[in-house]
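The values are calculated or read from the model by the stated rules, or taken from the named source; none is laboratory data. This is a predicted model, so every value here is computed, not measured. With ideal geometry, Cβ positions are generated from the backbone for all residues, glycine too; neighbour counts draw on all protein chains shown.
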Amino acid sequence: MRTRNAIILAVSSLLVASNIASCIRQLRTQIYQEFPQRSPTEAAVPSVRCIPEPDGHSEGLVTIWFDDGRDDTYLVAYPLMKQSGYRGVLAIIADRDMASQKLAPGNVTPMSWEQVAELVDEGWEISSHSLTHCRLDQLPMDSDDGRHSLSEEIVRSKTELENRGFTVSTFTAPYGRWSEESITLATELYRGFRTLVAGVNPLPVTGFKLSSCAIRNHTTTEEMQGWIRQAEAEHGWLIITIHTVTDRPDNDWDISIKQFVDMLRLINESSLAVVTASEALDHPGFGQPTPATATTVAPYSVPTVTPPPVISPDVFSNTVMLHIPAIDVHTRIAAALPTEDGESLDFSELDNVPMWVSDTRGIGEYGVAVIAGHRQWGPTPKIFARLDQLGEGDIVQIVTAQHVFLFVVNDPNVVIDPDEVEAEIWERDAQAEESGASVLALLTCTPYGTALQRLIAFAALEGVEEVHNQ
């Protein structure tokens, strides 16, 4: 992805490998602390709850879905799941050599095929996570070399997994991204297409794209409880997405053993039945749901029905202005467009002005558009020097010769590591696209004077006015 090399992931963090022995010791200790009323042999807690009939005790379903087929799923999560009587879904990258390459920067090792087979024998289910873990929204249907195409990633991945004796009924979108062409192709082969769009799925399942709630390093017990309560209130199907479970969380997608144990405890205390994806897709439902009382998972409000205009790349040939009155920003915006070889983006103007990252959404388009800018250069403050002072409700205006786009800040001061930016943008982009919201992400470095982390301020489009020239 050009954005990764150009700016969003300019600095990669080195993940620390987990110490497995320490991890297991801590795991056991935490289980006993969570369930002190039971003996050590019973401490694994939750008893198995089979798929309920519509008139049974359960009020909804939950599926625990592990992405990438990482070895910590087998070494850490699987023992807890097994002791809890729960089965999960493994989203497997079919090309294991490529999986090793993709996971290597985080010092993560993929599960062996023998480990995958062991979990399947225990009742776990396999979901295709593509052949090589590429963004589907950037791939053609076919390619001359037969690699990195939708056909390879969606069709061949299923074939490779089935040739190993696995049944594959669902597809898990890498990075939570997709295109309409990928959806069309996947519908011919799979029963469901899991995304990172936050929400609870209705029962019986009526759509092909499946929403999920991802547990991340910052996810609280209260947030997990909110997802579960929403699924119960709506008699729906909650999918919980997990990447890494470790005793040493090192990035936003790593979760602690305590978080995982807390999740198991909340599920056990709920009325939700733990099922695989196929079992949920086969479920007839629980009748008419009651109105949801929990706070909705989707973070963006539903905008007007008519899509707003979009600032296309050619508009930047004329002046496009950015105004943020709260921090006294009044500047021209340039566009970081592809270089002649198409291998990267041209950020040559970034020293002087903020730049729209053309690998992201167009400004005004449903999804997230990114504008990147410096905070300082040496001792000299730059245009985003005071971006950390933005507050909720502050106004951001983007002005072209034809339109004035009015954004309102709704999530300022999001501070994350550089290697987490891409996932953060993509997850929010999927949520915004699904709910029909136009979101602006203002991106810079932090703390001031360093490039250790990234600061993002998110703003939602509230309206667009036409410019009437006199």
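General remarks:
- Flag for R177 being closer than 22 Å to F66 by Cβ, surrounded by 22 or more Cβ atoms within 10 Å (Cβ to Cβ), assigned by TED's automatic domain parsing to the domain that holds D262 and basic (K, R): no
- Here the condition is being over 26 Å from the mean Cα position of the chain (by Cα) and at negative phi; of D359, D346, it holds for D346 alone.
- In segment 183-215, the residues that are over 18 Å from the mean Cα position of the chain (by Cα) and of a type in the set (S, T, N, Q): T184, T187, T206
- Single match in E340, E365, E349, E392 (criterion: assigned by TED's automatic domain parsing to the domain that holds S317 and closer than 15 Å to L442 by Cβ): E392
- Residues of segment 152-173 satisfying the condition of being under 14 Å from H133 (Cβ atoms) and free of Cβ contacts under 8 Å to residues at least 60 places away in the same chain: E152, E153, I154, F171, A173
- Residues of segment 63-92 satisfying the condition of being in contact (Cβ under 8 Å) with a residue 60 or more places away in the chain and under 18 Å from T167 (Cβ atoms): T63, W65, F66, G69, R87, G88, V89, A91, I92
- Filter result for I242 (in the same structural domain as D67 (by TED's automatic domain parsing), surrounded by 22 or more Cβ atoms within 10 Å (Cβ to Cβ) and either closer than 28 Å to S182 by Cα or acidic (D, E) (or both)): yes
- Selection from segment 219-233 of residues that are surrounded by fewer than 23 Cβ atoms within 10 Å (Cβ to Cβ), part of a helix (DSSP H, G or I) and either in contact (Cβ under 8 Å) with a residue 12 or more places away in the chain or not charged (D, E, K, R) (or both): T221, M224, Q225, G226, R229, Q230, A233
- Any hit, segment 219-230, residues being within 18 Å of D95 (Cβ to Cβ), assigned by TED's automatic domain parsing to the domain that holds I255 and not aliphatic (A, V, I, L, M): no
- Here segment 371-427 is the region considered, the condition is being outside any helix (DSSP H, G or I) and of a type in the set (D, E), and the residue that is surrounded by the fewest Cβ atoms within 10 Å (Cβ to Cβ) is E392.
Conditions (1) within 23 Å of V120 (Cα to Cα); (2) among the aromatic types (F, W, Y); (3) touching a helix residue (DSSP H, G or I) at 6+ places or on another chain (Cβ under 7 Å), marked per residue:
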residue	(1), (2), (3)
E162	yes, no, no
G192	yes, no, yes
V197	no, no, yes
T206	no, no, no
N217	no, no, no
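- Test: residue in segment 451-464 that is touching a Gly at 6+ places or on another chain (Cβ under 9 Å), in contact (Cβ under 8 Å) with a residue 60 or more places away in the chain and buried (at least 21 other Cβ atoms within 10 Å of the Cβ): yes
- K209 meets the stated requirement of being within 21 Å of I425 (Cβ to Cβ) and at pLDDT 90 or above.
- Boolean, E433 is at pLDDT below 90, surrounded by fewer than 23 Cβ atoms within 10 Å (Cβ to Cβ) and within 30 Å of P174 (Cα to Cα): yes
- Number of residues in segment 374-389 that are of a type in the set (D, E) and more than 13 Å from C445 (Cβ to Cβ): the value is 0.
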